[in-house]
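**Student:** Let me begin by handing over the structure; questions about it come next.
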Amino acid sequence: MGRRSACHPGLHDARGRDLSHALVDVMGVPTYVVDAGEGPPVVLIHGYGDTADGWRRVVPGLLQSHRVIALDVPPFGRSGQPPQGRLLDYYRQFVPALFDELGLDRATVIGHSLGGAIALHFTLDNPSRVSRLGLVAPAGLAKSPPWWWNVLAGYGPAWRAALSLPSPVTPLLIREGMKRFLDWRLFHDPRKLQADIAHLVTMHSSPKDFDRLLAAGRCCLDSYTGSLLEDSATIAAPVWVVWGRHDGLVPAEHARAFEQVHRKAEVHVFEDCGHYPQIELPSRFNRLLRRWMASTESEAAPLHAVA
């Protein structure tokens, strides 16, 4: 875990105690996993460039009655580097392998942003293993990605030129560019969340880590298959969706498009909120999440017939 210089917030219970964590070998990749609590399992999958710690305001409430599993999705955070190749294809093998490694037959799966796309693909590929599906501003629902996602993928020679400069100024330029992008696209009111923004910037501010981040950015584009929304219509598990009205990364109108396809889904769009409802409005997020989970606790119907 020494390759990261960032001081990670970590995950804690309601009394502020550190939760147990370990590096778990999943398909040969060291994967940082927090696994704590007892009860029906809930798996939390973060988004692009984030870590398990992005769920730090959600986990304490879930621990009251659930086994909670949160991970750093490779190659992010404290996890290792996955093999070369298309990351989205890798994740479609990785998540089932993670379930097997942790002894999970079936779980509630909640994914944010890119993690939402990963959760959707996992549910479609492995319907019997997902008892409920939670989606927080999931990527991949439109026919094509928003234009600004190309920035995350590092398109254009300017990125490479900047990263190749052997200059002490390079990390400063990276930090400033990332901060401006996050202020512009991530949170509705970034002034209230400077510590959260600073942490995300610090994780990726060295040229090496920033290059790794951009290399993984292609996965964000690949998550837009052009048919994921239509394909998701086969999902029969209870579905819960939360979006921020002022999301600058994944447009909130996708929530309404999803609602048209999933008439039984519980869909919420938060006013005065950006891409991180679980960070920006945690009290409302947690109240609605726990209410939905309580109301769907007894549902265990098969998700859809397997061809």
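Coordinate-derived values only; no laboratory data. Note that the structure is predicted; figures quoted are calculated from it, not measured. So basically every Cβ, Gly included, is an ideal-geometry build from the backbone, and we count neighbours across all protein chains shown.
**Student:** Taking θ as phi - 60°, what are the ³J(HN,Hα) couplings along the stretch 241-254 by the Karplus curve (6.51, -1.76, 1.60), each to the nearest whole Hz, with x for Gly and Pro?
**Tutor:** So the Karplus estimates, Gly and Pro as x, are 10, 10, 9, x, 4, 9, 4, x, 9, 10, x, 5, 5, 5 Hz.
**Student:** Report for the stretch 1-138 the percent antiparallel among DSSP-assigned beta bridges with both residues inside it, nearest 5.
**Tutor:** 40 percent
**Student:** Residues of the stretch 236-251 with the amide nitrogen closer than 18 Å to a label point 7 Å from the Cα of Lys143, along Cα-to-Cβ, please.
**Tutor:** Under cut-off, by backbone N: 251.
**Student:** Report, in debye and to the nearest 20, how large the dipole of the stretch 43-158 comes out about its Cα centre when Lys and Arg carry +1 and Asp and Glu carry -1 on their Cβ.
**Tutor:** Once rounded to the nearest 20, the dipole reads 240 debye.
**Student:** Quick one: what are the phi-derived ³J(HN,Hα) couplings along the stretch 52-60, Karplus 6.51/-1.76/1.60 with θ = phi - 60°, whole Hz, x for glycine and proline?
**Tutor:** 4, 5, x, 9, 4, 8, 9, 4, x
**Student:** So how far, in whole Å, is the C-alpha centre of the stretch 41-89 from the one of the stretch 92-111?
**Tutor:** One Cα centre to the other: 11 Å.
**Student:** Which far-off residues, 5 or more places away or on another chain, put their amide H under 5 Å from the one on Ala139, with H placed in the peptide plane?
**Tutor:** The list, which skips near neighbours in sequence, is Ser113, Leu114, Gly116, Ala117.
**Student:** Here is a further query. Taking amide H positions as placed in the peptide plane 1.01 Å from N, state which residues far from Val130 in sequence (5 or more) or on other chains have amide H under 5 Å from it.
**Tutor:** Amide H neighbours of Val130: Ala107.
**Student:** Between Arg290 and Ala195, what FRET efficiency follows from the Cβ-Cβ distance if R0 is 25 Å, with the result rounded to 0.05?
**Tutor:** Calculated transfer efficiency: 0.50.
**Student:** Could I ask something else about it? Listed highest first by mean packing, meaning other Cβ atoms within 10 Å per residue, what order do 78-88, 279-289 come in?
**Tutor:** Going by the mean number of other Cβ atoms within 10 Å, highest first, we get 279-289, 78-88.
**Student:** Please list, ordered by chain and number, the residues whose modelled amide H lies under 5 Å from the amide H of Val241; skip anything fewer than 5 residues away on the same chain.
**Tutor:** The list, which skips near neighbours in sequence, is Leu135, Glu266, Val267, His268.
**Student:** In addition: Which order do peptides 102-109, 212-219, 259-266, 235-242 fall in by mean Cβ count within 10 Å, highest first?
**Tutor:** Result, highest mean first: 235-242, 212-219, 102-109, 259-266.
**Student:** Go through the stretch 93-104 residue by residue and turn each phi into a ³J(HN,Hα) via Karplus (6.51, -1.76, 1.60, θ = phi - 60°); whole Hz please, and just put x for glycine and proline.
**Tutor:** With the stated coefficients, the stretch 93-104 comes to 9, 5, 5, x, 5, 4, 4, 4, 5, 8, x, 9 Hz.
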